[in-house]
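Okay, so here's the structure we're looking at.
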Amino acid sequence: MDKKIILSGIKPTGIPTLGNYIGALRNWNLMQKDGNYCYYMVADLHALTVRNDPDELRQQTRSMAALLIACGIDPDRSPLFIQSHVHQHAELSWLLGCVTYMGELNRMTQFKDKSAKHADNINAGLYTYPVLMASDILIYGAHQVPVGDDQKQHVELARNIAIRFNNAFGDTFVVPEPVMPKFGARIMGLQDPEHKMSKTDTNPNGYISMLDDPAVITKKFKKAVTDCEPVIAYAEGRYGCNNLLTIFCACTGKTMDEAVKDFEGCGYGRLKAAVAEAVIAELEPVQSEYRRIMDDREYLDGVLKKGAEQAAEKAQQTLDLAFSRVGIR
Ligand code: AQP
């Protein structure tokens with residue numbers, strides 16, 4: 001298999017959820033093991049598109065970096081950095097914004113969703129955030145971007161921007177592709193299983209945080225919304241049940257057929273307890289590794305400093321090329 005350059009990022013808008021973990025984080029770890037060259041980023045600039053508390057953002061940014069390492073990212077092999085520490089992202093974003101059409105940004109479903117959710121703060125950053133995300137990807141020459149289903153549209157926009165820029169100014173950017181997990185590209189909320197699980201859900205029972213303790217996880221699954229059908233099955237329109245089965249498969253490695261068979265003749269109580277157990281077993285080692293890393297301030301600072309230096313070296317090369325292509329340098 002060809003070795004690829006991969007870029008992965010996550011916004012430090014809160015503690016990541018089980019959705020972030022299944023849809024993204026745990027796959028990031030696997031991708032670096034295939035001999036690919038991976039860049040891992042905590043996207044703090046993206047976190048500013050909704051109102052934020054400065055102290056919380058600082059704390060959540062570090063905490064996110066520690067969680068990424070706890071999920072298996074090896075900073076000795078792959079640069080792990082904070083987005084704002086590599087100033088080149090924001091600079092390239094300006095160039096890319098000049099080849100992005102408003103019509104394209106108007107179509108972004110996440111902008112529509114977030115505008116509805118934050119009607120009192122529909123800022124320009126929220127609107128142009130997919131351009132900054134294109135910059136995050138293109139600046140490293142990433143071939144692949146592992147994402148959950150909700151971010152696929154943004155990676156497709158990055159592709160279009162790269163192709164348009166290359167056509168206008170000559171070969172400059174690698175055209176990236178989104179990579180989605182086989183299972184769990186969209187984990188749904190536990191209280192509203194027709195919408196994706198989100199770390200900024202105002203109802204904490206709607207999501208499993210990666211740092212929830214076992215008792216809380218069990219309680220949240222117990223309260224999960226299902227339906228009145230008597231049989232546990234994976235079927236059209238059975239959002240809550242489908243979601244629990246998907247989480248079960250993602251955490252146990254079972255196929256959907258095997259999972260459905262496991263719960264033949266069982267009620268939702270049994271399914272919910274089994275899903276909770278599988279999730280607790282999956283998250284427990286990550287949680288204890290996280291606590292260990294957070295206790296070692298010097299180590300984490302060192303990792304992030306080195307990661308930013310490595311990332312900036314590559315980012316500057318791409319930025320210089322892009323600037324010279326458009327006639328600025
Ligand atoms: N529910 C989900 N199921 C599967 N994958 C998901 N991802 C997010 N939610 C789910 C994937 O996680 C990666 C990092 O996402 P992000 O935090 O940078 O942004 P997001 O997609 O906006 O995630 P949230 O949790 O919904 O954050 P907030 O609440 O701040 O907007 C991405 O690859 C994403 O696809």
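The values are calculated or read from the model by the stated rules, or taken from the named source; none is laboratory data. None of the values given here were measured: they were computed from a predicted structure. With ideal geometry, Cβ positions are generated from the backbone for all residues, glycine too; neighbour counts draw on all protein chains shown. We work out accessible area using only protein heavy atoms, side chains counted, and drop any ligands, DNA or RNA first. Shrake-Rupley method; radii C 1.70, N 1.55, O 1.52, S 1.80 Å.
Looking at the stretch 16-55, which of its residues are within 28 Å of Ile247 (Cβ to Cβ) and more than 10 Å from the ligand (Cβ to nearest atom)?
Hits for the stretch 16-55 are Arg26, Asn29, Leu30, Met31, Gln32, Lys33, Asp34, Asn36, Cys38, Tyr40.
Which members of the stretch 1-15 meet the condition of being at pLDDT below 90 and either out of contact with any Gly (no Cβ under 6 Å at 6 or more places or on another chain) or within 11 Å of the ligand (Cβ to nearest atom) (or both)?
Met1, Asp2
If you go through the stretch 270-284 one residue at a time, do you hit one that is open to solvent by 70 Å² or more (accessible area, probe 1.4 Å), within 19 Å of Ala233 (Cβ to Cβ) and of a type outside the set (Val, Ile, Thr)?
yes
Given the options Pro79, Pro75, name the one that is open to solvent by less than 10 Å² (accessible area, probe 1.4 Å) and either away from the ligand (no atom under 11 Å from the Cβ) or of a type outside the set (Ser, Thr, Tyr) (or both). Break it down stepwise before answering.
Details: Pro75 fails: open to solvent by less than 10 Å² (accessible area, probe 1.4 Å).
Unique residue meeting the criteria: Pro79.
Is it true that Asp201 is in contact with a Gly (Cβ under 9 Å, 6 or more places away or on another chain), of a type outside the set (Lys, Arg) and part of a helix (DSSP H, G or I)?
no
Can you spot a residue in the stretch 204-219 that is within 12 Å of the ligand (Cβ to nearest atom), touching a Cys at 6+ places or on another chain (Cβ under 7 Å), within 24 Å of Ile15 (Cα to Cα) and open to solvent by 20 Å² or more (accessible area, probe 1.4 Å)?
no
Scan the stretch 145-163 and report the pairs whose first residue is free of Cβ contacts under 8 Å to residues at least 60 places away in the same chain and whose second residue is assigned to a helix (DSSP H, G or I) and acidic (Asp, Glu), with Cβ atoms within less than 8 Å and a gap of 6+ or a chain change.
Once the first residue is free of Cβ contacts under 8 Å to residues at least 60 places away in the same chain and sits in the stretch 145-163, its partners that are assigned to a helix (DSSP H, G or I) and acidic (Asp, Glu) give Leu157/Glu104; Asn160/Glu104.
Pick from the stretch 100-139 the residues that are over 22 Å from Asp44 (Cβ atoms) and within 15 Å of the ligand (Cβ to nearest atom): which of them is most open to solvent (accessible area, probe 1.4 Å)?
Out of the qualifying residues, it is Lys112.
Might you check whether a residue that is surrounded by fewer than 18 Cβ atoms within 10 Å (Cβ to Cβ), over 25 Å from the mean Cα position of the chain (by Cα) and assigned by TED's automatic domain parsing to the domain that holds Phe81 occurs anywhere in the stretch 253-269?
Within the stretch 253-269, not a single residue is surrounded by fewer than 18 Cβ atoms within 10 Å (Cβ to Cβ), over 25 Å from the mean Cα position of the chain (by Cα) and assigned by TED's automatic domain parsing to the domain that holds Phe81.
For a quick check of your reading of the model, give me the residue pairs whose first member lies in the stretch 174-193 and is assigned to a loop (DSSP other than H, G, I, E, B), whose second is away from the ligand (no atom under 11 Å from the Cβ) and of a type in the set (Ser, Thr, Tyr), with beta-carbon atoms closer than 8 Å and at least 6 apart or on different chains.
Pro193/Tyr239
Give the number of residues within the stretch 140-194 that are more than 19 Å from Tyr37 (Cβ to Cβ), away from the ligand (no atom under 16 Å from the Cβ) and open to solvent by less than 60 Å² (accessible area, probe 1.4 Å).
Here the count works out to 5.
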